[in-house]
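Beneath this line is the structure, given in structure tokens, with notes to follow.
The values are calculated or read from the model by the stated rules, or taken from the named source; none is laboratory data. This one's a predicted model, so the numbers in the text were calculated from it and none came from an experiment. Note that we place each Cβ from the backbone using ideal geometry, even for glycine, and neighbour counts take in every protein chain shown.
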Amino acid sequence: MRKRWLAAVLLVSVAAGCGRGDGGGGDTAQAVKDGKATGEITVWAMGTEGEKLAEFAKAFTAENPEAKVSVTAVPWDSAQQKISSAIAAKQTPDVSMIGTTMQGEIAKTGALDATPTELFRKDAFFPGAWDTTVVDGTPYGIPWYVETRGIYYRKDLAAKAGFPDGPKTWDDLTAMAKALQQKAGAKWGISLQPGKTGSWQSILPFGWSNGASLNTGDKYTFDTPQMAEALAYYQSFFTQKLSPDNLPQGALEPAFVRGEIPMFMSGPWHVGILNEQGAKDKFGIAPMPAKQSSTSFIGGSNLAVFKDAKNRDAAWKFLAWLSKPDVQVKWYQAVNDLPAVQSAWDDPALTADPLLKVFGTQLESAKSPPTFPTWTQLAATFDVEAEKVCVAGADPAAALKAVQSQADSLGTGS
């Protein structure tokens, strides 16, 4: 699941000159005609979703016998060029997956159709997920599935360390990491990502937990006391030798099973991975530790309809069907994608699993970065500066000033 999401956030990079317009904000949604869906609905989907959706959609066509869902499975390595070219040539499909952090960049081309809100209730979705669809005040598309982060810990070693239920606060996280080394005999107290690609997803939750905001209106705000304190706190796990700063890819899970790394931050995909590697029933998951709040990052993927869609109304009806709580549950059972619709989490298929329940609760307060078209460029700068902080011991405040300087240079693209 993690690989699917990481690919989703890198789904598209569309030049500002491509597509139908200068901007994506301020569009007025057109109503969708009543009645069953008819005609062909063309869909582009990536990864496991691209492999599984065509078969799954047969239940939709059973309810709408005059409709046909044609799914094109797009390889991740060609998705960027394929979609950007389609927008430029006005040859888009009716529907496509859009990675959550790319929503602003795609919407700003003017290629996406505004969401007909008579079909979709904002409060039906997790707030953080819905926010990923909104650009300049207008929603484009709907959240399809979601992911978030929590703290994984070895239950046996956590009990020896005096934290049988995991950490609840920032102070707990530090104390537990130290105790896992000193009392439980672990080599490391925790594993946190030491900068590099995507590390902003691990670090920003601590900023949000500390009351930081990434933007004020249409201006980025990274250089704040709240964010500086959070980054300094994150850095402390490396300066105190509680977390490794050069863990090879693939080494985390075996080290967790052996008890060398008894705690780490990750998403729901790691449950299956750890079970397969022999840690079943040996680990617990705690929500993100709180300072002012317990706030995690929300990721996943959205579904959007293009303005050049040949079968717009049927496309939106298909998305409305995919948003039904019972359909969201069936999609979870088929693919393990976590539902973006809150009421789907009341189903026994999800409530029966106490580990999933942690993520469901965390999703209620999880946040995403602003949907500015320049976000992915700025995130790359943040990752570079974060590595300097975690690995080279650079000053967190200075690193954030560098990020802010780049943010001011890039602007928001709004």
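Computed values, structure above
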{"quantity": "THR133, sole failed condition from (1) under 30 Å from ALA232 (Cα atoms); (2) hydroxyl-bearing (Ser, Thr, Tyr); (3) at pLDDT 95 or above; (4) in contact with a helix residue (DSSP H, G or I) (Cβ under 7 Å, 6 or more places away or on another chain)", "calculated": "(1)"}
{"quantity": "Residue check for GLY195: part of a loop (DSSP other than H, G, I, E, B), in the same structural domain as ASP383 (by TED's automatic domain parsing) and of a type in the set (Gly, Ala, Ser)", "calculated": "yes"}
{"quantity": "Among (1) assigned by TED's automatic domain parsing to the domain that holds ALA309; (2) over 30 Å from GLN80 (Cβ atoms) - the single one GLY110 does not satisfy", "calculated": "(2)"}
{"quantity": "Residue within region 376-397 that is modelled with pLDDT under 95 and either in the same structural domain as TRP200 (by TED's automatic domain parsing) or touching a helix residue (DSSP H, G or I) at 6+ places or on another chain (Cβ under 6 Å) (or both) present", "calculated": "yes"}
{"quantity": "Tally of residues being among the small types (Gly, Ala, Ser) and more than 19 Å from THR101 (Cβ to Cβ) across region 357-397", "calculated": "5"}
{"quantity": "The lone exception for VAL329 - which of (1) more than 27 Å from ALA186 (Cα to Cα); (2) among the aliphatic types (A, V, I, L, M); (3) in contact (Cβ under 8 Å) with a residue 24 or more places away in the chain it fails", "calculated": "(3)"}
{"quantity": "Boolean, ALA314 is closer than 25 Å to GLN103 by Cβ and either in contact with a Ser or Thr (Cβ under 8 Å, 6 or more places away or on another chain) or of a type outside the set (S, T, N, Q) (or both)", "calculated": "yes"}
{"quantity": "Region 215-241, subset among the aliphatic types (A, V, I, L, M) and crowded, with 22+ Cβ neighbours inside 10 Å, residue nearest to VAL389 (Cα to Cα)", "calculated": "LEU231"}
{"quantity": "Pair list, Cβ < 6 Å and 6+ apart or interchain, from region 153-178 residues that are in a loop (DSSP other than H, G, I, E, B) to residues that are of a type in the set (Ser, Thr, Tyr)", "calculated": "GLY166/TYR153"}
{"quantity": "Selection from region 127-155 of residues that are closer than 25 Å to VAL305 by Cα, of a type in the set (D, E, K, R) and crowded, with 23+ Cβ neighbours inside 10 Å", "calculated": "GLU147"}
{"quantity": "Selection count where residues are part of a helix (DSSP H, G or I) and either of a type in the set (A, V, I, L, M, F, W, C) or touching a helix residue (DSSP H, G or I) at 6+ places or on another chain (Cβ under 9 Å) (or both), scope region 53-76", "calculated": "9"}
{"quantity": "Matching residues in region 354-367 - criterion: being aliphatic (A, V, I, L, M), closer than 28 Å to GLU105 by Cα and in a helix (DSSP H, G or I)", "calculated": "LEU363"}
{"quantity": "Pair list, Cβ under 6 Å, 6 or more apart: region 46-65 residue touching a residue at least 24 places away in the same chain (Cβ under 8 Å) and in the same structural domain as SER78 (by TED's automatic domain parsing), other residue of a type in the set (Lys, Arg) and buried (at least 18 other Cβ atoms within 10 Å of the Cβ)", "calculated": "GLY47/ARG4; THR48/ARG4"}
{"quantity": "Condition check for PRO139: out of contact with any Pro (no Cβ under 9 Å at 6 or more places or on another chain) and not assigned by TED's automatic domain parsing to the domain that holds ALA251", "calculated": "yes"}
{"quantity": "Count of residues meeting criterion [within 20 Å of ALA175 (Cβ to Cβ) and either part of a helix (DSSP H, G or I) or within 19 Å of the chain's Cα centre (by Cα) (or both)] in region 203-212", "calculated": "3"}
{"quantity": "Unmet criterion (only one of (1) out of contact with any helix residue (DSSP H, G or I) (no Cβ under 7 Å at 6 or more places or on another chain); (2) in a loop (DSSP other than H, G, I, E, B); (3) modelled with pLDDT of 95 or more) for PRO370", "calculated": "(3)"}
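Residue by residue, here is whether (1) over 14 Å from the mean Cα position of the chain (by Cα); (2) farther than 19 Å from ARG312 by Cβ; (3) at pLDDT 95 or above holds:
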| site | (1), (2), (3) |
| --- | --- |
| SER84 | yes, yes, no |
| ALA89 | yes, no, no |
| THR101 | no, yes, no |
| ILE106 | yes, no, no |
| PHE120 | yes, no, yes |
| ALA124 | yes, yes, yes |
| ALA129 | no, yes, yes |
| VAL146 | no, yes, yes |
